[in-house]
Amino acid sequence: MSLIKCPSCQKQISNKVDICPHCDFSLNQSKDDLNRLKVLNYRKYRDQMYRFKMLTFTAMAIAISGLVPMLWTYAQAIDYGFNANFLNHWGIYLIIAGFALYVVVRAKMFQIKRNYKLKK
Ligand SMILES: [Zn+2]
């Protein structure tokens, strides 16, 4: 008995089993099925990347919705000659939140991309 990688979930399984105990993937299948699996994996990858891309836009929108009121306050500060303290402005929290979300989402996208390349 030797260990092989399951083509579906990439976990180590025995070469003697017909069905992967981790994901129920049938190992007695034709090349056609394997190709279909590759297509399915690609679609899953593409859909995931698309969803995360939308999330990066959301993150940017959050940051911008904090930045715009801050610029507005800044413009008023110039017009009326008062000092605006931007660290006290509520917009800074939206900028930080948007930026944090953006970084997390990009890291997740990087991870998904790397996993997909490993599976191929
Ligand atoms: Zn499996």
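Among the residues of region 89-103, at least one is touching a Phe, Trp or Tyr at 6+ places or on another chain (Cβ under 8 Å) and more than 16 Å from the ligand (Cβ to nearest atom).
Residues that are under 17 Å from K5 (Cα atoms) and either not in a helix (DSSP H, G or I) or not small (G, A, S) (or both) do occur in region 100-116, at least one of them. Only one of the listed residues (M109, M70) is at pLDDT below 95 and surrounded by 13 or more Cβ atoms within 10 Å (Cβ to Cβ). That residue is M70. Within region 103-114, does at least one residue satisfy the condition of being closer than 22 Å to C9 by Cα, over 11 Å from the mean Cα position of the chain (by Cα) and without any contact (Cβ under 8 Å) to a residue 24 or more places away in the chain? Checking region 103-114: at least one residue is closer than 22 Å to C9 by Cα, over 11 Å from the mean Cα position of the chain (by Cα) and without any contact (Cβ under 8 Å) to a residue 24 or more places away in the chain.
For region 1-57, filtering for residues that are part of a loop (DSSP other than H, G, I, E, B) and within 15 Å of the ligand (Cβ to nearest atom) leaves 19. When region 75-91 is filtered for residues that are exposed (fewer than 15 other Cβ atoms within 10 Å of the Cβ) and assigned to a helix (DSSP H, G or I), the ones remaining, listed by number, are A75, Q76, A77, I78, D79, Y80, F86, L87, N88. Of all residues in region 51-72, those that are of a type outside the set (D, E, K, R) have Cβ atoms under 7 Å from Cβ atoms of residues that are not in a helix (DSSP H, G or I), 6 or more apart or on another chain, in M70/H89.
The values are calculated or read from the model by the stated rules, or taken from the named source; none is laboratory data. Keep in mind the model is a prediction, meaning the values are calculated, not measured. Here the Cβ is made from the backbone with ideal geometry for all residues, glycine too, and neighbour counts use every protein chain on show.
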